[in-house]
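Here it is: the structure, laid out below.
The values are calculated or read from the model by the stated rules, or taken from the named source; none is laboratory data. Just so you know, these numbers come straight off a predicted model, no measurement behind them. No Cβ is skipped: glycine too gets one built from the backbone with ideal geometry, and neighbour counts run over all protein chains shown. The accessibility values were calculated without ligands, DNA or RNA, using every heavy atom of the protein model including side chains. Shrake-Rupley method; radii C 1.70, N 1.55, O 1.52, S 1.80 Å.
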Amino acid sequence: MRLGILGGGQLGRMLALAAYPLNVRCTVLEPTAGASAAQVCAQVAGEFDDFRALYELAKDADAVTFEFENVPVESARWLAERLPVYPPPRALEVSQERLAEKQFFASLGIPTPPFAAVDSEADFRAAVERIGLPAVLKTRRFGYDGKGQAVLRSEADAEAAWAKLGGRPLILEGFVPFDRELSIIAVRARDGQIATYPLVENVHIDGILHRSIAPAPDLGEELGERAAEFAARVLTELDYVGVLTIEWFQDGPRLLANEMAPRVHNSGHWTIEGALTSQFENHVRAVCGLPLGSTAAVGHSVMYNFIGDVPDAARVLALPEAKLHLYGKSSRPGRKVGHVTLRAGSAEELRAKLPEWDAAFARV
Ligand code: AMP
C-alpha cells in the first residue's frame, strides 16, 4: 500500500518508520526540502493549498492522512473526493477552532472549563463578568504550544490581554486550578473498532510539553475509564478513523477537556517502546484498513522532549534504559528536535528512578 501524509515533521517521520515493516510506503507533502520525514520516505515538495502538489501526492496513494491539524480543510475535502482521507476532514474543522471544539465537547456531554465566545470588546467585558478572574483569553485559530493566549489575573491583565489579542475571534475560558494535565490517545479502525492507550500525565514548560509519564501514576481506574468513554464518544460522533488525542485538566475528581488533536501526538511518543503497538503503527493500521494492535502498556515509561538543541547522544545513551529519538532537525529555540523514552518494570521502580532522570533531562 501507499500512504500519502500531509506534513513532513517528526510525526510524519515516525509514521513512515512505523509503516515500513508493514510494507506501507509513505510519501509526505511538505514545502521544506529535506524536512524530518522526507529524510526517511519520499516527498512531494509543495504547499498544502497547492492543488497540483495535492494531485501529485494523491495520484499514486491508496489513502491520505495528515500529521498536523492546520492543514487547510478545503485541501482535505478536495482529496476526500478522490481517495480515502482519514481522519475525516470534519475532525480537522472542529479541532482548528477552539470555540467549535469546546462547543463540540459540550454537545457530547464532555465537561470543559467554562468558556465564552469573544467577537467584540463588549463580548469581552461581558465574558469577564460572567466567567470571572482568573481566566485565559485565547485566539480561536492557529494557537499551539501556548501561543496566542494570555492569563488574566487582574483588571490590569485584562486590559493588557485585550490590547494584545483584541480584534481577532477569541475565546475566554475560566482558569482551571488543575492538579495536573493528562492526555488520552485513542484509535478507531475503519470497521469501527476502538482502542485506547492508558491515560498519560504531562508536564508543560512555557506551553511546550516537557515530560510524559505513562500510565499516569496514582490514577485509580475510574478516571481512566471515563476518559476512554469520552474519547469513544468523540470518535464515534465524527465517524473517525485513525489516532485522536484529547488533552485534559484533572481538578480533583473532575476531568475537563482542554483540546483535541486529530493526529498522533507528542504525549504518545512513549508508545514506541512502552506499548505493544505504537500510536504510529496503530494510526497506519487504522487508515490503511488493517486490524488494530494491542494498546496495552509494557511496563512504565517516561518521555522527555528535547527542545531547541539536541543533547550529547553519548551522554543520553550512557543510561541503559534510554531510547533516543533524534528528528534530523537543525537547532532553533523552541523547536522540538528529539525525545528520549525510559522504561521501568513497575510504578515503584519508575518513581525511584524519576529524580535521576528528571535531573538528567531538565530543560535548560
Ligand atoms: P493550550 O494551547 O490550550 O493547550 O494551552 C496551553 C497550556 O496553557 C495548557 O497546557 C495549560 O497548561 C494552560 N492552560 C490553557 N487553558 C487553561 C485553562 N483554561 N486553565 C488553566 N490553564 C490553562
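Take the Cα of Leu108, step 7 Å along the line toward its Cβ, and report every residue of the stretch 62-87 whose backbone nitrogen sits under 16 Å from that point.
Of the residues in the stretch 62-87, 87 have backbone N under 16 Å from the label point off Leu108.
Related question: Could you size up the charge dipole of the chain around its Cα centre, putting +1 on the beta carbon of Lys and Arg and -1 on that of Asp and Glu, and report it in debye to the nearest 20?
I would put it at about 700 debye.
How far apart, in nm, are the 7 Å Cα→Cβ label points at Phe142 and Arg168?
According to this spin-label approximation, the distance is 0.7 nm.
What order do you get for 322-334, 267-279, 66-78 when each peptide is scored by the mean count of other beta carbon atoms within 10 Å, highest first?
Ranked by mean Cβ neighbours within 10 Å, highest first: 267-279, 66-78, 322-334.
For Asp251, what residues show an amide H to amide H distance below 5 Å, using hydrogens built from the backbone and excluding near sequence neighbours?
Amide H neighbours of Asp251: Asp179, Leu256.
Using a probe of 1.4 angstrom, how much of the accessible area of the chain is carbon and sulfur, in percent?
Heavy-atom surface of the chain belonging to carbon and sulfur, 1.4 Å probe: 52 percent.
Separate question: Sticking with the crude label model, points 7 Å out along Cα→Cβ, report the distance from Arg77 to Asp191 in nm, one decimal please.
3.2
For the stretch 323-333, what does the Karplus curve 6.51 cos²θ - 1.76 cosθ + 1.60, with θ = phi - 60°, yield as ³J(HN,Hα) per residue in whole Hz, taken in order and with x for Gly and Pro?
10, 9, 10, 10, 9, x, 10, 7, 6, 6, x
Quick one: go through the stretch 111-144 and flag any residue whose amide nitrogen is under 20 Å from the point 7 Å out along the Cα-to-Cβ line of Ala160.
Only 124-125, 128-129, 132-139 pass the distance filter.
Label Arg153 and Glu222 with points 7 Å out from Cα along Cα→Cβ: what is the distance between them in nm?
It works out to 3.2 nm between the two label points.
Please list the equivalent ellipsoid semi-axes of the stretch 2-85, computed as the square roots of five times the alpha-carbon gyration tensor eigenvalues, in descending order and whole angstrom.
Listed largest to smallest, the semi-axes of the stretch 2-85 are 18, 14, 11 Å.
Mind ranking Phe105, Phe115, Phe175 by accessible surface for me, highest first, 1.4 Å probe? Display every interim value, and only then the final one.
Numbers: Phe105 0, Phe115 45, Phe175 70 Å².
Most to least solvent-accessible, the answer reads Phe175, Phe115, Phe105.
Could you tell me the ratio Rg/Rh of the stretch 250-364? Both radii from Cα atoms, Rh via Kirkwood.
0.99
Per residue, how many Å² of accessible area does the chain show with a 1.4 Å probe?
41
Of the cross-linked pairs Lys329/Lys353; Lys102/Lys164; Lys102/Lys147; Lys138/Lys164, which ones have a Cα-Cα span greater than 21 Å in the structure shown?
Distance filter (> 21 Å) returns Lys329/Lys353; Lys102/Lys164.
Roughly what percent of Cα-Cα pairs across the chain reach past 27 Å?
48
Decide, for the stretch 232-309, between rounded, prolate and oblate: order the square roots of the alpha carbon gyration tensor eigenvalues as a ≥ b ≥ c, take rounded if a/c falls under 1.5, and otherwise choose prolate if a/b is larger than b/c, else oblate.
Oblate is the answer for the stretch 232-309, as a/c is 1.5 or above yet b/c matches or exceeds a/b.
Turning to a different aspect of this structure: Taking R0 as 56 Å, what FRET efficiency do you get between Val203 and Asp60 from their Cβ-Cβ distance, rounded to the nearest 0.05?
So the FRET efficiency works out to roughly 0.85.
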